[in-house]
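Asks: Dropping a structure here in structure tokens format, bear with me for questions.
The values are calculated or read from the model by the stated rules, or taken from the named source; none is laboratory data. Keep in mind that this is a model prediction, so the values were computed, not measured. Don't worry about glycine lacking a Cβ; one is built from the backbone with ideal geometry, like all the others, and counts go over all protein chains shown.
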Amino acid sequence: MTRRLALAAVVILVAIAAIRRWPASDEVTMIPSADQNVLLITIDTLRGDALASYGGRAATPNLDRLAAEGIRYTFAHAHAVVTLPSHSSIMTGRYPFEHGVRDNAGFRLDDKAITLAELAKQNGLATGAFVGAFPLDRQFGLAQGFDEYDDVGGREVAQGDFAFSERRAETVVAAARQWIGIQPGQWFTWVHVFDPHSSYAPPAPFDSQYASDPYAGEVAYVDHALGALLETARSSPRKTLVIVTSDHGEGLGEHGEPTHGTFAYETTLRVPLIVAQVGGGSTAVKSGRVSDASVRHIDIVPTIAKLLQWTADTSLPGRSLLGDEGAAPVTSYFEAMTPMIARGWAPLTGVISGRDKYIDLPVEELYDLAADPKETQNLVAKDPERTRNLVAELRRFGAPLPGDAQAESAEVRERLQSLGYVSGSAPRKAVYTAADDPKNLVDVERWMMEGIDLYRRGRMSDAADAYRKVITRRPDMRLAYLRLGFVHWEAGAPAEAIAALRHGLAAIGPNVELETRLGTYLAETGRTAEAIPMLERTTTAQPRNSEALNALGIAYARAGQAPRALAAFSQALEANPRDVYAHENVGTVHLQQNDFAAARAAFLRALENEPRSSRAHAGLGVIARQQGRVDDAINHWRTAVQIDPKNFDALYNLASELATAGRAAEARPFLMHFVQTAPRAFYGAEIQRFRQFLAGGR
């Protein structure tokens, strides 16, 4: 009898716990009010289970406290598994096939889209965005509606996903807090932090605290950095609606996916979502609650609109979370298009309906997430009727596959085809088979990621071998040729880089990206007669392709055609006025013409957009030297080398000037660094000169 009573008590307690997941008199409720601020925080690459309040390994007291003050959703999902498409859905309340952004590369949110910032602006709020990394640079369309769009500048630090321009969460938070602090009235602030994205390198003390799990260390660091921002919201005299989510998760090796972008399992598709109202002078303490309702990124815009009492767009596919936790489950669409666009693999689409999840690939997948949250049991063969129902749900969305990455109209597609290009991205196949299914290409994806890791560790030869393995397995994979060429180029082997890209064109046929990169390398090695017609073709096909326009300008400049070079750079700047490369290139052309005033102005514009522009400092150093300001020249070159130790032109100038000035001891480490690191293919004569200088003991 005692045991039965004890079991009954347990059952009662469980029932009470279940009941307390819904609003009670002492629990938090969301209060609609037009007079409140909005703080949207997106944490890049944060898994749905990464925060401590979700059972994660990282200590996240600040975000856990926010969850305890509001509503924590346990079953929230993104609609894409890469940064730009996912943020476009967050900001517009629309699915990727509706807003048109299907991948990070080659897409831009259309100016016709209505964003959260534009809605806030229409309703009288000041709007500020503070962005942590290049994939959300303003050139990609998310800046529309923002009074202030503080991003990392118009340059990506490396090609082919080898690195991103990014900044630490504390830097982003400091900029956001400064802006909030000077707002006289109501505001909408979006803060994006990038740190949990690979590669994982948390700062001290999180590096040592999480030495065995650096991803968790990045998450813990982000929580620490966000603490001050959340306190700013709490201390505001006006109530602040705070929404925290991520764009997507991270595979961390599960399902064979080390990072994200290939699959759409729960590791990368499920995201955290916390909604709370803080500040406003309220001292009332209410306990937060947990909702297991099925919620989506497209629900964020309607939720903010309802809580701020804005006029809602009835065409939006999402619904407000305010009071809708008990509503009937909805079906959500998701996709992963990067494998198709960048690799030529099968496109991935799918739906979640209730707790059922269907993934449409050549090898279909069906999971019962309630019984199998880790997605280990594919039920397609066991439950064909369930599969058919979900296939019908997916078909009802009518989601088209992405067209050409750069092509935004039939006119553009026609222009591409007239020039002999099948598309601006990987050619679409009429039929995708099991051989194209990402599940059957996990080893290829692993080699692609290994190549990046080996490159970052300076193992260039091994990185090149990784991409050669990919090409052997998938000779039609454009991205592998691009990365192989890049690795060879960075290793100081231009002939091998050019050969790799020629091999890619022979295997794949005409391709804008391969020809742009090949034309770039040909121009950089002085083969302008071959580079110019190739780059003219790519820029005709894609007049807004900044990489191609900059490469074409460099080719013209090397061929002694300065006016045409400046025209190409001006065209790049029309497409993106903050293009740091273009400003640097304009400065270089003016410098070659001894127009020091124009060169200086261009280099200073580059520094305005990217204060850490090594090339701009190097150019300013040359101007200072030409004008007899030797100390200024040395300082600029020293700064250029500190920013980028691989800026060998600046390094050469610095070492030479110090040695010529009789400052041999000061020059010696720079001379040695140049001799040891400069690629012989480009600097053979200079290396020999420095060797002789060092051997002479001077």
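Asks: Among the residues of the stretch 337-383, what is the count of those that are closer than 18 Å to residue 295 by Cα and basic (Lys, Arg)?
Replies: 2
Asks: Here's a follow-up. If you go through the stretch 555-563 one residue at a time, do you hit one that is of a type in the set (Phe, Trp, Tyr) and more than 22 Å from residue 610 (Cα to Cα)?
Replies: yes
Conditions tested, residue by residue: (1) within 24 Å of the chain's Cα centre (by Cα); (2) outside any helix (DSSP H, G or I).
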| site | (1), (2) |
| --- | --- |
| 497 | no, no |
| 523 | no, no |
| 540 | no, no |
| 544 | yes, yes |
| 555 | no, no |
| 581 | yes, no |
| 588 | no, no |
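Asks: Within the stretch 464-479, track down each residue that is within 22 Å of residue 516 (Cα to Cα) and free of Cβ contacts under 8 Å to residues at least 60 places away in the same chain.
Replies: Of everything in the stretch 464-479, those that are within 22 Å of residue 516 (Cα to Cα) and free of Cβ contacts under 8 Å to residues at least 60 places away in the same chain turn out to be 464, 467, 468, 470, 471, 475.
Asks: Go through the residues of the stretch 308-321 one by one and say whether even a single one is more than 29 Å from the chain's Cα centre (by Cα) and not in a loop (DSSP other than H, G, I, E, B).
Replies: For the stretch 308-321, residues more than 29 Å from the chain's Cα centre (by Cα) and not in a loop (DSSP other than H, G, I, E, B): present.
Asks: So, restricting to helices (runs of 4 or more DSSP H) that lie completely within the stretch 614-673, which ones have at least 3 residues that are of a type in the set (Ser, Thr, Tyr)?
Replies: Answer list for the stretch 614-673: 648-660.
Asks: May I ask you to say which residue of 574, 657, 608 is over 31 Å from the mean Cα position of the chain (by Cα) and of a type in the set (D, E, K, R)?
Replies: 657
Asks: Continuing with the same structure: For the stretch 479-494, does any single residue satisfy the condition of being more than 20 Å from residue 346 (Cα to Cα) and surrounded by fewer than 16 Cβ atoms within 10 Å (Cβ to Cβ)?
Replies: No: the stretch 479-494 contains no residue that is more than 20 Å from residue 346 (Cα to Cα) and surrounded by fewer than 16 Cβ atoms within 10 Å (Cβ to Cβ).
Asks: Here's a follow-up. On the given criteria, is residue 530 of a type outside the set (Ser, Thr, Tyr), touching a Leu at 6+ places or on another chain (Cβ under 6 Å) and under 29 Å from residue 573 (Cα atoms)?
Replies: When the stated conditions are applied, residue 530 passes them.
Asks: Tell me the residue from 129, 52, 67, 78 that is farther than 30 Å from residue 542 by Cβ, in contact (Cβ under 8 Å) with a residue 40 or more places away in the chain and in the same structural domain as residue 223 (by TED's automatic domain parsing), please.
Replies: Result: 67 is the single residue among 129, 52, 67, 78 that is farther than 30 Å from residue 542 by Cβ, in contact (Cβ under 8 Å) with a residue 40 or more places away in the chain and in the same structural domain as residue 223 (by TED's automatic domain parsing).
Asks: Taking the options 256, 181, 227, name whichever one is over 24 Å from residue 89 (Cα atoms) and at pLDDT below 95.
Replies: The match here is 256.
Asks: Okay, next question. So for the stretch 625-642 (the condition being under 30 Å from residue 487 (Cα atoms), modelled with pLDDT under 95 and of a type outside the set (Lys, Arg)), does at least one residue qualify?
Replies: No, the stretch 625-642 contains no residue that is under 30 Å from residue 487 (Cα atoms), modelled with pLDDT under 95 and of a type outside the set (Lys, Arg).
Asks: Same structure, new question: Residues that are part of a helix (DSSP H, G or I), over 28 Å from residue 479 (Cβ atoms), among the charged types (D, E, K, R) and modelled with pLDDT of 95 or more: does the stretch 379-386 have at least one?
Replies: Yes, that holds for at least one residue.
Asks: If you don't mind, there's one more thing I want to ask. What pairs come out if I take residues in the stretch 21-37 that are assigned by TED's automatic domain parsing to the domain that holds residue 188 and surrounded by 15 or more Cβ atoms within 10 Å (Cβ to Cβ) and pair them with residues that are at pLDDT below 85 and not in a strand (DSSP E or B) whose C-beta lies under 7 Å away, six or more apart or interchain?
Replies: Nothing qualifies.
Asks: Checking residue 581 against (1) among the hydroxyl-bearing types (Ser, Thr, Tyr); (2) at pLDDT 95 or above; (3) closer than 26 Å to residue 608 by Cα: exactly one of these is not met. Which one?
Replies: It fails just one condition, (2).
Asks: Applying the selection to the stretch 538-553, what residues are surrounded by 24 or more Cβ atoms within 10 Å (Cβ to Cβ) and not polar (S, T, N, Q)?
Replies: Residues satisfying the conditions are 541, 548, 549, 551, 552, 553.
Asks: Looking at the stretch 611-654 only, could you name the residues that are surrounded by fewer than 16 Cβ atoms within 10 Å (Cβ to Cβ) and under 34 Å from the mean Cα position of the chain (by Cα)?
Replies: Correct list: 611, 642, 645, 646.
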